[in-house]
Amino acid sequence: MLKLHLVPVQGEPFDHPLEEDSLVLGRASSADLVLEDRFLSRHHSRIYREEDRFLIEDLGSRNGTMLNGRAVAEPTQLHAGDVVKISGSVISVFAMDGSARPVDSAALGFGEHTIFRKASGLLASHGQSSNAASEDELRRYVERLNLINEVHRALGQSMELDELLELILERVFDHLGPEQGAIYLRQDDGELERAAHRAVPGIGAPTFYSRSLVHEVTEKGLAALVFDVESDERFAAAQSIVATGIRSLVAAPLLDDKGTLGMIVLSSRAGIRQFSEDDMELLVSLASIAALRLRNVALLEEAAERKRLEQELALGRRIQVALLPDQLPDIPGYELHAGNIPSRGVSGDYYQVIERSGGECVLMVADVSGKGIAASLLTASLEALSAVPIEDGLPPELICERLSGLLFRRTPPEKYATAFLGILKPESGQLRYTNAGHNPGLLIRASGESEILGPTGTPIGLLPDVPYDAGTTSLEPGDTLFLYTDGITEPTDPDDEEYGLERLSTVCIRHRDAALLELAAAIGNDLEDFVRGEPFPDDRTLVVVRRSVAG
């Protein structure tokens, strides 16, 4: 059986045994356990029994529920020793047999708004009491409020992370006078790393990092105050602290609404400085300000990195566009249209329409594996490697064979490309093609019949020294050839139905007599109508060739 020890924002701490199957905590009178805190949601959290265990869940509260310094995103089991924080209230969990005793509210558990709350209380009672002690205490808290406001302004400057950390320690040393101070920040792997350190002359590097301290501060999200390290049972086993001669220690988590960023810890030797509860309260408030500024710096760095990536994407797109034909060749008796729409700024698709010696027209559409910048780099390699065999006048199957070997030797196994490569003889309309694992070419006859130009080999660069076959067909007057990538046929609607080749064929047949620009627009409009707002997951490339009726 578990028991809760609650330190509410208002009122005295109290215990509550978990005897019910469900316990809703909040500020509403309909909650099972009512806590006076205007920042709580009406029904904030729920603790409930599931067989022989208790779990806690957040009920969609505005400020969230924190368990051991981490936001509760889904029902999570409670154990003796856990600490729950909802708004300013701290709830410690311990067993009915007394194990995992609740934290001492005189040394732990002061919330990030402690000083502000006490100052407000003093202001509210100021007119009701005129004794000197109240006046002195009010004056002291007003001074601290002014101090916090001054620190807010100082830390509000635009600066790099290292500068900000140094300024935080500088302000802490000015107002709390420790011998040593350090800021530890949580890294991407969850480990803490010392990010800044400051000490008075003659004091070496900080040695007060211990598992005991980390657990108390960063895992539970609580401040820690140690009057005498040797006599405090929580840290008595932490030889890394005791051996340094440190006697008094105060630490606070760097907390914001997304969790614990790290901690700030100060220390002093016996006879030099003993920290007080007031010092801990002040450090908690300063740490809260610091956490806010640290989060802002991180957001600014993320924004700068995002902007840099966007600039790289824009540059990559400009380079890639330069590889694509700036204009299509003018082939007597034929109409041509081509276009590419990337899904991520830069595209993994590539197309080429070029004339070569002998009057032949080379049609190439390729789709490399992956997306984004890496895919665009591979398209550039594909363009460079294919140029020579195309210019040498090789048939499509030999071009693909040579290109596949070159790409295989220059790229890792997971990098390959599908491609449709066709050689068109304009005078006769004969088309010799190799489909290297690509989407089928679609040939729409003037009569409305369709012909599918399916695969004749494996993707390019997937296997070494693999032979390719070729297929042949012909474009008669009025016939239209469609070459495309899977970004055209694989988008899905909200019901997860795929657009597909059949629907593409239907649209192409219906608009087979339209001008090519209008036909391409009809395909695009039909795609937009089909997906009904769903994002396009892949690049869309289309090459259309029509033999004129009078050709």
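Within the stretch 176-189, residues that are part of a loop (DSSP other than H, G, I, E, B) sit with their Cβ atoms under 8 Å from residues that are open to solvent by 10 Å² or more (accessible area, probe 1.4 Å) and at pLDDT 85 or above, at 6+ positions apart or across chains, in these pairs: 179/199. Filtered by the rule that a residue be outside any loop (DSSP other than H, G, I, E, B), within 19 Å of residue 76 (Cα to Cα) and open to solvent by 10 Å² or more (accessible area, probe 1.4 Å), the stretch 18-48 gives 22, 24, 46, 48. Scanning the stretch 242-288 for residues that are at pLDDT below 80, open to solvent by less than 10 Å² (accessible area, probe 1.4 Å) and closer than 18 Å to residue 186 by Cβ yields one hit, 259. Check whether at least one residue in the stretch 431-440 is touching a Cys at 6+ places or on another chain (Cβ under 8 Å) and over 28 Å from residue 343 (Cβ atoms), and report yes or no. Looking for residues that are touching a Cys at 6+ places or on another chain (Cβ under 8 Å) and over 28 Å from residue 343 (Cβ atoms), one finds none in the stretch 431-440, hence no.
For the stretch 416-433, the criterion of being open to solvent by 40 Å² or more (accessible area, probe 1.4 Å), touching a Pro at 6+ places or on another chain (Cβ under 7 Å), within 14 Å of residue 473 (Cα to Cα) and at pLDDT 95 or above is met by at least one residue. Restricting attention to the stretch 422-461, and to residues there that are within 20 Å of residue 332 (Cα to Cα) and of a type in the set (Gly, Ala, Ser), which single residue is nearest to the chain's Cα centre (by Cα)? My answer is 422. Do the conditions hold for residue 224, that is, is it at pLDDT 70 or above, small (Gly, Ala, Ser) and farther than 26 Å from residue 82 by Cβ? So residue 224 does not fit the description; no. The residue that is surrounded by the fewest Cβ atoms within 10 Å (Cβ to Cβ), among those in the stretch 434-451 that are under 19 Å from residue 364 (Cβ atoms) and touching a residue at least 60 places away in the same chain (Cβ under 8 Å), is 440.
The values are calculated or read from the model by the stated rules, or taken from the named source; none is laboratory data. Note that the coordinates shown come from a computational prediction; the quantities given were computed from them, not determined experimentally. Glycine gets a Cβ as well: all are built from the backbone with ideal geometry, and neighbour counts include every protein chain shown. Just so you know, the surface numbers come from the protein's heavy atoms only, side chains and all, with ligands and any DNA or RNA stripped out. Shrake-Rupley method; radii C 1.70, N 1.55, O 1.52, S 1.80 Å.
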